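> This structure is in structure tokens; I'll ask about it shortly.
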């Protein structure tokens, strides 16, 4: 047993690549060993800016010897057979073994020395290494076939049990020599064996353990902050990044001019973090302190000199930030917003100004329709819980006193019109991640209503799972309108997510829509909103592509779309003379075909979300399969009521009854009363239905049959009668409850069918010899099935 | 007959003189890497990389080591002489080593030592920063070198130039001279830098220039004339290309690039137009590089039979 050390030394590896490189090295090494038949024990990996290393413990010194046995012909088989076999295995007849009258070829493969396996493995790993970006270098790069590595590779250590495993790649031969810290250690460092690697390098001022450097930075930064009576703002991303930039990390605290604290704290933190990789600190009262923590890679002769240099750089950065902050405020957000007409949102969708216009209209509409209101349904009092009814349209919203006469709709529209204005500010140009936040700051500085400033600030939320979902009404209206518009607009130009490709993050945006609707119990039918938004986007798209000026477009589109734009798309759009009808028509057709696709896409996102929230996927399917539901709140209320019901005993048994009924109907190929025409002898049961002469005949016959089914021609058995009565009572009750969105009540109504259906199956023969009885009983089962089905598609429920 | 008086130069003083810092770098790269010490390219350009000693020489198989100062013009960075760090005209020091030597990092660090930066007194770091110039059809991997958190050098291994793989790869070092000097001299305002050891400051040399050129870049330059210049440079580039003189074509591409930057500073190019202008410049630069490579390939192949473009 021996320990193996591999070190691949190169010029500075980007910090962000080191953690993944460690994993890749371990994986490639383990795979190569396993393939060679060597047992893979404990593997430890290391990464610093200048080296990637691995220690594998307890490797055997050789692979196991293997004896391979191949069965040949029987003794006494024709000579040709034996000759063929000898050729195949490459042996002579004397070398064969005979057992139970059969020849065997036995080949003993001796074990290979582990060192030999490793000598082959190392160059293979280097060549196969999956760096995100790699490069060529030096004289060898005269050919593009030269070795590639993340940065120039300068040395290889390969030691098995302290002995060099000799190998070479592109002129770099393995050995036991490495380099210590770039500045704290001069000259080569000799490594004796794997066991002394870590400590030998530590003596040369290199801490090879990535995690140890992380700990030093995390604790060291907290310590220097505490010494200054401050609290470090923890930032694990920065810890990892600094660990990837240093071999000997030394956190140092510095101060910057207090005057910079006028700039919003997020800006300071981001400037320090993104540009300089510094931590920031808080004062005991929780405000941002005028301090930073940088991580040096040396024990400096005089740390104050290093700190002072860093302070100057930060000061220059903060002056830039303050310049942007002050410069941006010289222009009102409304004026900034005007510049959005110069920014392309997407080449097929026109400018950001076009988008803002759509969002503003939609945000206003959401308020005017009472979908977003000042007092949303309190959670827990929504649907399925005891019956809320949809509220009447909020056509005359009452302004609240604090808004100086502005209604919710006015505020939502105002916020929407300004929400993207910060995109053209200097600050967001410099730090795109501050979008929204800066707009909120500038709005507040301008003295705009607080709700508007907050809506501008938060309208991108929720950004991904776990982010806060807005609940302030103005914010909800703008956020929902923005996301709905984005998703609709991209679907309208046929830019749909496919597979892993989702360049416009439409999945995330859709999830945001789901979360906004659920969190705020928003009652809206998505279908009409989506259709409308498609048309708006399409209009902007056609404008962007087909018209030179917005005046032309306005005139043309007014004529084209008019008030009744939904119809206009089909009819009048293509009668308009001034633009390419064929292209517009083609585009409109593609777009509108995507409306149902988007609704399905929403349904899929909702399914994913609910599944992750722990709702059984079959129950989600059972409700989604009903189709035609675009009110998410109602849909989820039904799913949740169903989940509660199917876990009860009644639910389980009713489900069993439903499945039995459905199976019988399927087995008997029951197609309803009309379907029974088949038994008149026509091969196609409905062959005659369309014959105008026959129509009245068939209608009369059907009427008879329906009447017969309703008024049984025989006396039903008691169990049959009981089921009929139970259905007569439960079906309308369930339907009414569904209508009133009282899904728990609907489930309760279904529950009353459980005993009758059980008894029916126990006591009644469905397949009676009397065709009338059989038909009536099958029809009864179908009625039962359909009544249950109106609440949920029980067929999809497992169990 | 009397001998001419023997001239003995005074020792360099990079810590107290901007020009001595430059001269020290010249001494260093001339002696340590056998660089040819070139003079600046006599055209207006946005970065030292545009110098033909970098772009065109990065193409082809022949070794090439050069060092030079290149004045850079970035019209939109002008601040009328009022900002302590930003200038519309400043200097870069470029070193190009082809093929990249295996001790290039050590050489570079030694050059910092030569101008007075002690790596145990100052925190020197190589921070990932890949370089890409769509205009030149070029990219490379490398770092920005930090000195106490300040970026003082861009360090790049060219992988492609003009759309061609660099065979071999060249290492390019671009020192920000003013920044380094401010650091070494301990000065917070660029105009306070000592230009030489005889009392001339950077401000004495350049402050008025910054004021006037900022005004011209932002406010005065005749935009119609600039649009015209752009069109003429574009046409002349095509003319030179069709006449088989790609170096001349490349110069016109550089000219077009700078005129475009001036138009940007004048604020007369809209966001939408911007991409189109950049595309036109890119097309000129790449075509010139391609034509140059094509023209030189027979010569290169003759000297390096194994080599292909």
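Just so it is clear, none of the values below were taken in a lab; they were calculated from the coordinates. These numbers were taken from a predicted model, which means no experiment stands behind them. Don't worry about glycine lacking a Cβ; one is built from the backbone with ideal geometry, like all the others, and counts go over all protein chains shown.
> Quick one: compute the contact order of chain B, relative version, from alpha carbon pairs under 8 angstrom and 6+ residues apart, as a percent.
19
> So what is the relative contact order for chain A, in percent, with contacts set as C-alpha pairs under 8 Å and at least six apart?
8
> Considering only B:121, B:194, B:31, give the residue with the highest GNM mean-square fluctuation for chain B, with springs between Cα atoms whenever their separation is below 10 Å.
For chain B, modelled as a Gaussian network with Cα springs under 10 Å, the answer is B:121.
> Let me ask something else about it. Report relative contact order for the range B:41-94 in percent, whole number only (criteria: Cα-Cα under 8 Å, sequence separation at least 6).
Relative contact order for the range B:41-94 comes out at 38 percent.
> Assuming R0 = 30 Å, what is the FRET efficiency of residue B:295 and residue A:134, from their Cβ-Cβ distance, to the nearest 0.05?
Calculated transfer efficiency: 0.45.
> Add -39500 (n - 2.57) for each DSSP H run of 4 or more in chain A, then divide by its residues: what number comes out at 222 nm, to the nearest 500 deg cm²/dmol?
Here the helix-only value at 222 nm equals -16000 deg cm²/dmol.
> Given labels modelled 7 Å from the Cα in the Cβ direction, how far is it in nm from residue A:660 to residue B:6?
12.1
> To the nearest whole percent, what portion of all C-alpha pairs in the range B:101-193 is separated by more than 17 angstrom?
54
> How far, in degrees from 0 to 90, does helix A:754-763 lean away from the longest principal axis of the Cα atoms of chain A, to the nearest 10?
Roughly 70 degrees, rounded to the nearest 10.
> Here is a follow-up. Top mean-square fluctuation among B:39, B:70, B:88, Gaussian network model of chain B, C-alpha springs under 10 Å?
The residue with the greatest mean-square fluctuation here is B:39.
> If you count, for every residue in B:122-134, the Cβ atoms of partner chains within 10 Å of its Cβ, what is the mean?
Across the residues of B:122-134, the mean count of other-chain Cβ atoms within 10 Å is 6.
> Gain in length, residue A:669 to residue A:285, computed as 0.36 nm per residue apart minus the alpha-carbon separation, to one decimal in nm?
Going from the current span to full extension adds 130.6 nm.
> Report, to the nearest 10°, how far helix A:210-227 tilts away from the longest principal axis of the Cα atoms in chain A, using its own Cα long axis and a range of 0 to 90°.
So the inclination is approximately 90 degrees.
> So, one more: Which FRET efficiency value, to the nearest 0.05, is calculated for residue A:143 and residue A:168 with the Förster distance at 25 angstrom and r the Cβ-Cβ distance?
0.90
> Could you state the angle between the C-alpha long axis of helix A:581-612 and the longest principal axis of the C-alpha atoms of chain A, as a value from 0 to 90 degrees rounded to the nearest 10?
80
> Another one. Tell me, in nm to one decimal, what length is gained between residue A:62 and residue A:319 on full extension, where the rule is 0.36 nm per residue of separation less the Cα-Cα distance?
Value of the extension gain: 86.1 nm.
> Taking the Cα atoms of the protein assembly as shown, what is the range of coordinates along each of the three principal axes, in descending order and whole Å?
For the protein assembly as shown, the Cα spread along each principal axis is 149, 105, 71 Å.
> Given the DSSP H assignment, sum -39500 (n - 2.57) over each helix run of at least 4 residues in chain B and divide by its residue total; what's the result at 222 nm in deg cm²/dmol, nearest 500?
Theoretical 222 nm ellipticity from helices: -13500 deg cm²/dmol.
> Same structure, new question: How would A:255, A:733 line up from fewest to most surrounding beta-carbon atoms within 10 angstrom?
Result, fewest neighbours first: A:255, A:733.
> Return the percentage of antiparallel bridges among DSSP beta bridges fully within the protein assembly as shown, rounded to the nearest 5 %.
Here the antiparallel bridges make up roughly 95 percent for the protein assembly as shown.
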